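Data block below; observations after.
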Amino acid sequence: MSQTAYRPIIPQLSSSNLDFPDLENAQRERDGLVAIGGDLQPARILAAYRQGIFPWYGLDEPIMWWSFAQRMVLFPDELKISRSLAKNLRNKSYAVTMNYAFRQVLSNCALTPRPGQNGTWLVPEMQYAYRALYEMQHACSFECWYQHADGQPYLAGGLYGVLIGRVFYGESMFAHASDASKIAFVHAVHYLQQQGVPLIDCQVYTSYLASFGGREIPFADFLACLRQYNPQSLPQPPEPRLLAGNGVVPLPIT
């Protein structure tokens, strides 16, 4: 008698409500794949993030929603900075801004080639969704500016993420010059910490984030943090601002 390999049934989201299937089953039986389908309307995305779920898929694929049993996070007070980066933070010419160039950061994150990845998960529909969250002040970017030999500033690196209450959900970063994304990241962490953000979600383990002090925690602990900090508000809205100006004047807000 032939045996058929077990293939778990992947739930499909309804367009009529924002409910998600049981996360424990998804983590236990489907390697964290919670569901497929639905849409990328802001209400659904925000509902997902509040439960520790995030969208992640590629071109010609259905919308996929994920939540892993181990969650990579960074607690801002555990941030680690290497000696070489600390030296560049002190001595290099740069500027770091917040929300000066959200669209440019988003498009650069989508277009930057990455080892082991064919194409990007930031498909046009995803970019549109994050731009909508930005307009609602539920997404923000951090930009690092260097300058050319002629003194003209340029966007050298940056990152963006989703902001709900006092939790920052980091999404993607890029760098077109040495240490640009790292400098933006350090200033982003410091700013978020000053605003009372106790948790930065990094989603999945990477050695890059681990070098900054990121670590994996059980999903139950992560969810407990979301329930505590998502309902709390920041003292200041995420409006455009200059975070650091080490000899470089950034381009105007766009």
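What value does region 142-254 have for Rg/Rh, both radii from Cα atoms and Rh as Kirkwood defines it?
Ratio of gyration radius to Kirkwood radius for region 142-254: 1.01.
Given the convex hull over the Cα atoms of region 129-179, what projected area results after averaging over all orientations, in nm²?
4.4 nm²
With no solvent and one equal point scatterer placed on each C-alpha of region 72-183, evaluate the Debye formula and give log10 I(q)/I(0) for q = 0.16, 0.19, 0.21 Å⁻¹, two decimals.
-0.82, -1.10, -1.26
Please compute the per residue accessible area over the chain with all protein chains in place, 1.4 Å probe, rounded to a whole number of Å².
For the chain, the per-residue accessible area is 50 Å².
Return, for the Cα atoms of region 181-236, the radius of gyration and Dmax in Å, separated by a comma.
12.4, 32
Report the charge-dipole magnitude of the chain in Debye, nearest 20, computed about the Cα centre from +1 at each Lys and Arg Cβ and -1 at each Asp and Glu Cβ.
Dipole about the Cα centre, nearest 20: 660 debye.
Sorting check: for 38-44, 163-169, which peptide has the highest mean count of neighbouring beta carbons within 10 Å, and how do the rest follow?
Descending mean neighbour count gives 163-169, 38-44.
Would you list which aspartates and glutamates come within 18 Å of Lys92, measuring only between C-alpha atoms, while excluding same-chain residues fewer than 8 positions from it?
Cα-Cα hits under 18 Å: Glu143, Asp150, Asp179.
Return the long-range amide H neighbours of Asn230 (sequence gap of 5 or more, or a different chain), with a cut-off of under 5 Å between placed amide H atoms.
Under 5 Å from the amide H of Asn230: Arg166.
If you take the alpha carbon radius of gyration of region 1-84 and divide it by 2.2 N^0.38 Å, what ratio comes out, to two decimals?
With N residues counted in region 1-84, Rg over 2.2 N^0.38 Å equals 1.40.
Give the value in nm², to one decimal: projected area of the alpha carbon convex hull of the chain, averaged over all directions.
Its Cα hull, projected and averaged over all orientations, spans 15.6 nm².
Please arrange Met126, Met64 by accessible surface area, largest first, computed with a 1.4 Å probe and ligands excluded.
Greatest to least solvent exposure: Met64, Met126.
Which one of Glu24, Glu239, Glu171 has the biggest mean-square fluctuation once the chain is modelled by GNM with Cα springs under 10 Å?
Comparing Glu24, Glu239, Glu171 in a Gaussian network model of the chain, the most mobile one is Glu239.
I'm checking a number: the convex hull volume of the Cα atoms of region 9-136, normalised per residue, in Å³. What is it?
Expressed per residue, the convex hull around the Cα atoms of region 9-136 is 168 Å³.
So what's the back-of-envelope 222 nm ellipticity for the chain, counting only DSSP H runs of four-plus at -39500 (n - 2.57) apiece and dividing by all residues, rounded to 500?
My calculation for the chain gives -9000 deg cm²/dmol from helical runs alone.
Enter the per residue convex hull volume of region 56-96, computed from alpha-carbon coordinates, in Å³ rounded to the nearest integer.
174 Å³
Quick check for me: using +1 on Lys/Arg Cβ and -1 on Asp/Glu Cβ, what's the dipole size of region 171-233 about its Cα centre, in debye to the nearest 20?
Here region 171-233 has a charge dipole of around 80 debye.
Calculate what fraction, in whole %, of the accessible area of the chain sits on carbon and sulfur atoms when a 1.4 Å probe is rolled over the protein chains.
51 percent
The values are calculated or read from the model by the stated rules, or taken from the named source; none is laboratory data. Keep in mind it's a predicted model, so treat the numbers as computed, not measured. A quick note on method: Cβ atoms are made from the backbone with ideal geometry, for glycine too, and the neighbour counts reach across all protein chains shown. Side chains included, ligands, DNA and RNA excluded: accessible areas come from the protein's heavy atoms. Shrake-Rupley method; radii C 1.70, N 1.55, O 1.52, S 1.80 Å.
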